[in-house]
Every structure is written in structure tokens, then in C-alpha cells.
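A quick write-up on the structure given underneath.
The values are calculated or read from the model by the stated rules, or taken from the named source; none is laboratory data. Predicted model only: the values in this text are computed from it and were never measured. Please note: Cβ atoms are built from the backbone with ideal geometry, for glycine as well, and neighbour counts cover all protein chains shown. Accessible surface areas use protein heavy atoms only, side chains included; no ligands, DNA or RNA. Shrake-Rupley method; radii C 1.70, N 1.55, O 1.52, S 1.80 Å.
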Amino acid sequence: WLCMFKLIPTVRGGTTNSPLVAVRYSTVDEARESSKQLIHESSRVTRVMIVADEHPPRFVEWIERS
């Protein structure tokens, strides 16, 4: 069984339609890199939560805008 990860962004004033949010990542490092890319591409994304794609989702870490 392989644990997958997904991104849950916190967005100021709405939502984001970035395809990065729909992807399931096979490693937490891939999720971290995509989180940084998501923050970089949209100034409205204030931070991104990485969760393990389980039922219920399990918190892994926050990636903050620096």
C-alpha cells in the first residue's frame, strides 16, 4: 500500500483553479515542491497544507508563504 499526498491551499479572497491541487503526489517531497510552486504562481495563496490522502485525511505539514 502506497501513501499518496495532496495539497489543500488557503486562498485569500476565493479559490484557486491550479491543476497542482488536483494531483496526488507519491512522495511528500513532490508535494512540498508543488506547494512552493503553487504559492509562487498565485499571490492569493497564503499557505498550503499537505495531507496524506487517507480516510480521514491525515495532516502532514504546512508550507507557508515566506
### Query
When the stretch 23-39 is examined, which residues are found to be farther than 14 Å from A52 by Cβ and assigned to a loop (DSSP other than H, G, I, E, B)?
V23
### Query
Residues in the stretch 23-45 that are farther than 16 Å from F5 by Cα and open to solvent by 40 Å² or more (accessible area, probe 1.4 Å): how many?
4
### Query
With (1) of a type outside the set (A, V, I, L, M); (2) touching a Ser or Thr at 6+ places or on another chain (Cβ under 8 Å); (3) open to solvent by less than 80 Å² (accessible area, probe 1.4 Å); (4) modelled with pLDDT under 95 as the list, and E54 as the residue in question, which single condition is left unmet?
(2)
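What residue, among those in the stretch 1-22 that are open to solvent by less than 60 Å² (accessible area, probe 1.4 Å), part of a loop (DSSP other than H, G, I, E, B) and within 14 Å of V48 (Cα to Cα), is modelled with the lowest pLDDT?
Within the stretch 1-22, the first condition is being open to solvent by less than 60 Å² (accessible area, probe 1.4 Å), and the residues that meet it are 3-7, 9-11, 14, 16, 18, 20-21.
Next, only the ones that are part of a loop (DSSP other than H, G, I, E, B) stay: 3-4, 14, 16, 18.
With within 14 Å of V48 (Cα to Cα) added as a condition, the list becomes 16, 18.
Working: T16: 89, S18: 94.
Across the stretch 1-22, the extreme among qualifying residues is T16.
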